Amino acid sequence: MKYMETAIYTILLIIVSAFYFYKYNKLKKLVLPTECNNLLKEIIELSFNKDTLIDTSAHIVKVLMKKYNIDYCSILLKRDRGLKVISSNVDMKKAVPLIEQYANDLYDQLKREKKEAKIICTDTVLRYPTAQDRNIKYLFFIPLQNNRKDIGAILIECMERNNIESIEQNFFKLVMNTIAVVLQDFIYKDKLAAIAMTDGLTGLSNRACMDKQLAEQLQLHKKTDMPFTIALLDIDHFKKVNDTYGHLAGDDCLKKISGYLKSSMRNEEYAGYTDGCYRYGGEEILLFFSRVTNKDIINRIEDIREGISSLSMMSEKKEVFSVKASFGMSEYPSDGISIERLIELADQGLYYSKQNGRNRVTPYQIIKEG
């Protein structure tokens, strides 16, 4: 069955790639000045030369800034809870959350007014969050569309209005459309990859997905010297649940807890930084929290632990029961600098929780300090 699924995903990926290769060739035939053709060619070829959506969007930001002498450029994609920045040259810690909020307000305003873009420019500094800190006098916000469907937006900000007012409007619209095509290609590929990397029972990301994504997160956090936290949880006395209420009830229990965990995770994403929830094995689940220490996130994990114990489960015979969970935690880089080592230390924290009353959270730091 797994081989058949893999074959189907491969075929779908080939079809998607072929479709966008056709669009690529069609766009190449447009008669434009050499400079324009070179810009379009560079953007289009990203779908063939870059491995990920994050890499591609980061390069698009650099291309636009170089071509149009832009001071700040942010690419946002539509997610379940609105537009989220996936690439920007704005300082991540201070400005990006505020920019996301402002971009969503602009997006909603455009939809109400049925307009295609928002341009704001003055001779003085604009008045919106972070604009004064960065001396912004010109703003250009344009949703990205593919097949008349919004997939995201680009926010351009400049400190001098004459930097970008000379944009060739028709050509710039073609550039935006081309960017949308390239990004949509990666969105489709990511969706296909997500299907292949999802655990069939719980709906959580599977072990293969975990290995891939945590390796990427490790490299990203190394570059920026930021911490992250790994938490490993195990359902207490889960064998007893299966023995008492049946394996179907045990499966339903895992599904319900997994759904609760997914809804409880921070929905934060920026420039590749993202949290994750993975089925590690059996009834063990691994939680990944980017850009935080154990101390930063432990209260949130305690809330999750209490939330699990408050869930109502039901057997096939309509018997109501509840379960509890034990947690272990580790932190990069203070506890370890490899994913394997950090999982091992989180597992030691989990074992300590099991040996000391269960239904508790134990950071590895507690064990290390004796």
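Scanning the stretch 148-159 for residues that are farther than 18 Å from ASP105 by Cβ and either touching a residue at least 24 places away in the same chain (Cβ under 8 Å) or surrounded by 14 or more Cβ atoms within 10 Å (Cβ to Cβ) (or both) returns ILE151, CYS158, MET159. Screening the stretch 191-240 for residues that are in contact with a Cys (Cβ under 8 Å, 6 or more places away or on another chain) and open to solvent by less than 10 Å² (accessible area, probe 1.4 Å) and picking the one that is nearest to TYR351 (Cα to Cα) gives ILE235. Looking across the stretch 59-83 at every residue that is open to solvent by 40 Å² or more (accessible area, probe 1.4 Å) and under 18 Å from the mean Cα position of the chain (by Cα), the one that is farthest from ALA131 (Cα to Cα) is identified as ASP80.
Restricted to the stretch 296-344, and to residues there that are buried (at least 21 other Cβ atoms within 10 Å of the Cβ) and of a type in the set (S, T, N, Q), the residue that is nearest to TYR364 (Cα to Cα) is SER330. Cβ-Cβ distance below 8 Å, separation of 6 or more or different chains: which pairs start in the stretch 61-73 with a residue that is on the phi < 0 side of the Ramachandran plot and assigned to a loop (DSSP other than H, G, I, E, B) and end on one that is open to solvent by 10 Å² or more (accessible area, probe 1.4 Å) and of a type in the set (Lys, Arg)? Matching pairs, first to second residue: ASP71/ARG134. Selection of the stretch 129-141 for residues being surrounded by fewer than 19 Cβ atoms within 10 Å (Cβ to Cβ) and touching a strand residue (DSSP E or B) at 6+ places or on another chain (Cβ under 8 Å) yields only ARG134. From the list THR274, THR293, THR244, the one residue that fits, being open to solvent by less than 40 Å² (accessible area, probe 1.4 Å) and either touching a strand residue (DSSP E or B) at 6+ places or on another chain (Cβ under 7 Å) or not basic (Lys, Arg) (or both), is THR293.
Each row is one residue, and each column tells you yes or no for (1) at pLDDT below 95; (2) over 27 Å from LEU218 (Cβ atoms); (3) polar (S, T, N, Q).
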site	(1), (2), (3)
SER326	no, no, yes
MET329	no, no, no
ARG341	no, no, no
GLN348	no, no, yes
SER353	no, no, yes
ARG358	no, yes, no
ILE366	yes, no, no
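Residues that are polar (S, T, N, Q) and crowded, with 19+ Cβ neighbours inside 10 Å were ranked within the stretch 172-190; the one that is farthest from TYR260 (Cα to Cα) is THR178.
For the stretch 260-267, the count of residues that are crowded, with 16+ Cβ neighbours inside 10 Å, touching a residue at least 40 places away in the same chain (Cβ under 8 Å), over 14 Å from the mean Cα position of the chain (by Cα) and closer than 17 Å to GLY328 by Cα is nonzero. Taking the criterion of being under 15 Å from ILE142 (Cβ atoms) and outside any loop (DSSP other than H, G, I, E, B), the residues of the stretch 109-129 that qualify are GLN109, LEU110, LYS111, GLU113, LYS118, ILE119, ILE120, CYS121.
The values are calculated or read from the model by the stated rules, or taken from the named source; none is laboratory data. Quick caveat, the model's predicted, so the values are computed rather than measured. With ideal geometry, Cβ positions are generated from the backbone for all residues, glycine too; neighbour counts draw on all protein chains shown. For the accessible areas, the whole protein counts, side chains as well, though only heavy atoms, and no ligand, DNA or RNA atoms are used. Shrake-Rupley method; radii C 1.70, N 1.55, O 1.52, S 1.80 Å.
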